[in-house]
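**Q** One structure, as structure tokens, below. Some questions next.
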Amino acid sequence: MKLRAFAKINLGLDVIRRREDGYHEVRMIMQTIQMYDQLEMEKKNTPGIDLTTNLSYIPVNENNLVYKAAKLLMDQYHIREGVSIDLNKFIPVAAGMAGGSSDAAATLVGMNKLFHLGLSKEELMKIGVKIGADVPYCIMRGTALSEGIGEKLTPLSPMPSCYILIGKPGISVSTKFVYTNLKLNEHTKHPDIDGMLQALKQQDLRGITDRMENVLESVTVPAYPVIEEIKNYMKEHGALNALMSGSGPTVFGIFDDKKKAEFACEKLKESGLTRQTFLTTAFNNGGTPDDK
Ligand code: ATP
């Protein structure tokens with residue numbers, strides 16, 4: 001069984017408050033993009049999970065979210081056979097693009113089919129949140145408002161047609177570092193998420209891009225100035241706007257013109273500001289991770 005696990009960007013990311021249990025209450029506008037990891041899953045007669053991947057620095061044990069997702073279903077549904085999973089990663093790792101969460105989402109969908117568990121999408125989403133707050137969204141996909149710790153999802157009108165330039169600098173940013181250092185007070189400037197919801201409803205691309213904001217940049221931009229440099233570079237090269245995705249360090253720029261986007265992509269590659277640079281589009285047709 002072959003599955004695709006898509007990456008996401010955050011068109012808007014707000015953190016409302018830190019809860020007593022340490023989790024953060026968020027309000028985010030999520031968008032799936034045409035960039036994906038590939039998973040190949042196969043039943044095997046011997047019990048256990050065999051995981052292989054194309055990246056040597058990624059764990060292939062319980063620390064991989066794919067392994068975690070497969071094990072969760074195997075334990076819960078007393079699956080005695082085993083499974084081999086080959087994970088081919090293309091989504092930048094530790095980048096704010098939910099690569100690991102999306103792999104876990106695809107694994108849940110794949111295991112459900114492979115072992116005929118008969119679970120609905122909603123049931124898989126409920127199981128998914130035990131692995132990570134973004135996993136339910138990665139099962140749902142498309143354009144969505146994500147609230148609570150990320151598990152309260154509302155589907156939205158799709159992102160209007162545009163080009164999305166992705167640039168990841170050669171630095172790693174720990175999500176934990178970002179949330180630990182986030183200072184929320186009365187001076188915090190919060191993104192206009194409601195305005196963006198309205199702009200999406202009206203299919204107003206400029207209305208959306210004008211409101212792109214990520215509260216987590218208040219931590220990452222002072223710590224890693226290259227993020228701001230990439231944003232400025234994209235804007236100087238024709239992006240309607242540019243923003244850091246998730247907890248970073250990946251930056252995305254939105255373009256309404258293909259030629260401009262292609263030119264900006266080539267220039268960004270030459271600039272040396274990014275280590276990984278891709279030009280892509282939004283992925284809007286929802287569905288589950290195994291629909292081609
Ligand atoms: P998010 O946007 O949800 O914060 P991210 O893009 O920051 O995700 P991931 O790429 O999902 O981060 O992975 C972060 C860390 O998790 C990596 O350092 C890696 O060691 C570990 N990890 C576990 N499973 C996976 C996986 N399937 N793919 C990539 N990394 C994984």
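**Q** How much accessible area per residue does the chain have, counting only protein heavy atoms and a probe of 1.4 Å, in square angstrom?
**A** Result: 45 Å² of accessible area for each residue.
**Q** Report, in degrees rounded to the nearest 10, the 0 to 90 angle that the Cα long axis of helix 65-76 makes with the longest principal axis of the chain.
**A** 40 degrees
**Q** I would also like to ask the following. For the chain, modelled as a GNM with alpha-carbon contacts under 10 angstrom, which of I139, I49, I254 fluctuates the most?
**A** Answer for the Gaussian network model of the chain: I49.
**Q** Under the rule a/c < 1.5 gives rounded, and otherwise a/b versus b/c splits prolate from oblate, where does segment 212-292 land using the Cα gyration tensor?
**A** It comes out oblate by the Cα gyration axes.
**Q** Counting only DSSP beta bridges with both residues in segment 2-155, tell me the antiparallel percent, nearest 5.
**A** Beta bridges within segment 2-155, antiparallel portion: roughly 85 percent.
**Q** Additional query: Between D194 and I16, what is the spin-label point distance in nm, taking each point 7 Å from the Cα along the Cα→C-beta axis?
**A** 1.3 nm
**Q** Run the numbers on the chain and let me know its relative contact order in percent, using alpha-carbon pairs under 8 Å that are six or more apart.
**A** Over the chain, the number comes to 24 percent.
**Q** Here's something else I'd like to know. Can you list the aspartates and glutamates whose alpha carbon sits under 19 Å from that of K189, skipping same-chain ones fewer than 8 residues off?
**A** Partners found: D14, E25, E147, D210, E213, E217, E228.
**Q** Counting only protein heavy atoms and a 1.4 Å probe, tell me what percentage of the chain's accessible area is made up of carbon and sulfur.
**A** 48 percent
**Q** Filter the GluC sites (Glu not before Pro) in segment 23-127 down to the DSSP loop ones having no more than 13 other Cβ atoms within 10 Å, then list what survives.
**A** Sites meeting the loop and neighbour criteria: E62, E81.
**Q** Also, quick follow-up: What full-extension length gain, to one decimal in nm, is calculated for E81 and T52 as 0.36 nm per residue of separation minus the Cα-Cα distance?
**A** 8.6 nm
**Q** Over the alpha-carbon set of the chain, work out the extent along each principal axis and list the three values in angstrom, largest first.
**A** 56, 43, 36
**Q** Here is a further query. What is segment 2-155 by shape, rounded, prolate or oblate, if you read a ≥ b ≥ c off the alpha carbon gyration tensor as root eigenvalues and call it rounded for a/c under 1.5, prolate for a/b larger than b/c, and oblate otherwise?
**A** prolate
**Q** Relative contact order (percent) for segment 188-279, with alpha-carbon contacts under 8 angstrom and 6 or more residues of separation?
**A** Once divided by the residue count of segment 188-279, the mean separation gives 21 percent.
**Q** Quick check on packing: order 72-78, 218-224, 206-212, 165-171 by the mean number of other C-beta atoms within 10 Å, highest mean leading.
**A** The most tightly packed comes first, giving 165-171, 206-212, 218-224, 72-78.
The values are calculated or read from the model by the stated rules, or taken from the named source; none is laboratory data. What you see is a predicted model; the values in this text were computed from it and never measured. Using ideal geometry, Cβ is built from the backbone for each residue, glycine included, and neighbour counts are taken over all protein chains shown. These area figures cover heavy atoms from the full protein model, side chains too; ligands, DNA and RNA do not enter into them. Shrake-Rupley method; radii C 1.70, N 1.55, O 1.52, S 1.80 Å.
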